[in-house]
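The values are calculated or read from the model by the stated rules, or taken from the named source; none is laboratory data. Source: prediction; values computed, not measured. Cβ placement follows ideal geometry from the backbone for every residue including glycine, while neighbour counts extend to all protein chains displayed.
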Amino acid sequence: MATGINYDRVKAKVRWVDGDGAAHAAKAGVMPGARAGTGVTVWTDGQGRGVSAPVSQAEATARVALAGAEVAMAGCFLILGGGLSVRLSVERRATARRGEERGRRAS
């Protein structure tokens, strides 16, 4: 699974001109030893700021599957915790009743 870290790249200052002719600069991952002027892909947001590349389809699917599994586990723990709470409450009441009955028999 991808971690979002590119170990085969180094950070370098890159510059570009957007469709409106405005100049921008940011740091981006480039191949080590790349010469000035070498083309690189830079992802930008709506304001022209450099951002990380979007996740791949496989990574997005893996993230969704992992999040779904976490939600399912949390639901299971919630149900188990609720059941345990009810069981302990019932046992506490039953123990108290048995103690009262024994107290009545002893007197």
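Just a few scattered comments:
- For beta carbons closer than 9 Å, sequence separation of 6+ or different chains, a first residue in the stretch 55-70 that is under 21 Å from Trp43 (Cβ atoms) and a second that is among the charged types (D, E, K, R) and surrounded by 11 or more Cβ atoms within 10 Å (Cβ to Cβ), the qualifying pairs are Val55/Arg63.
- Of the residues in the stretch 87-106, none is modelled with pLDDT under 85, assigned to a loop (DSSP other than H, G, I, E, B) and not aromatic (Phe, Trp, Tyr).
- Per-region count, the stretch 4-49, residues over 30 Å from the mean Cα position of the chain (by Cα), in a loop (DSSP other than H, G, I, E, B) and in contact (Cβ under 8 Å) with a residue 12 or more places away in the chain: 4
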